[in-house]
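Structure first, then comments.
Bear in mind these aren't lab numbers, they're just calculated from the coordinates by the rules spelled out. What you see is a predicted model, and the numbers here were worked out from it, not measured in a lab. For neighbour counting, all protein chains shown are included, and Cβ atoms are generated from backbone atoms with ideal geometry for every residue, glycine included.
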Amino acid sequence: MSVEGISGETRVVVSDRQVSTGADGESVILNFDEGVYYGLDKVGARIWELVQQPTTVSQLADQLAAEYEVEAERCERDVKDLLSDLADAGLVAITAD
């Protein structure tokens, strides 16, 4: 999914076609369909933790901006970029707003 197709009200949740684990503040995710492993750094792992339950992009960005003391617009842009990559990899389900 392209970043342009993701808005603040877009809902996201992890796909049921993956399994993940955390290690040293990072996450490792296995896509069942492709048999490919993906790794997320500390911030990516936090996003992964937050999308275990359905949430909106705005809720994610607000939470992360507060936790990491980053400018809200930049945070939302970075969250959209990561979610787009995760959706393309089949690791999250994104529903239109």
Exercise. Loop-only check: which GluC sites (Glu not before Pro) in segment 40-95 are DSSP coil with at most 14 other Cβ within 10 angstrom?
Worked result: 69, 71
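Between beta-carbons, use under 14 Å as the cut-off and find the net charge around residue 22, counting Lys and Arg +1, Asp and Glu -1.
Details: positive: 42, 46; negative: 24, 26, 41, 49.
Summing Lys and Arg as +1 and Asp and Glu as -1 gives -2.
When the convex hull of the C-alpha atoms of the chain is computed, what volume per residue in Å³ does it have? Show your work: numbers first, answer last.
Working: hull volume 7.9 nm³, N = 97.
For the chain, the hull spanned by Cα atoms encloses 82 Å³ per residue.
Which chymotrypsin sites (Phe, Trp or Tyr not before Pro) in segment 1-49 pass both tests, a DSSP loop state and at most 14 other beta-carbon atoms within 10 Å?
Numbers: sites: 32, 37, 38, 48; in loops: 32.
Counting only loop positions with at most 14 other Cβ atoms within 10 Å, the chymotrypsin sites (Phe, Trp or Tyr not before Pro) in segment 1-49 are 32.
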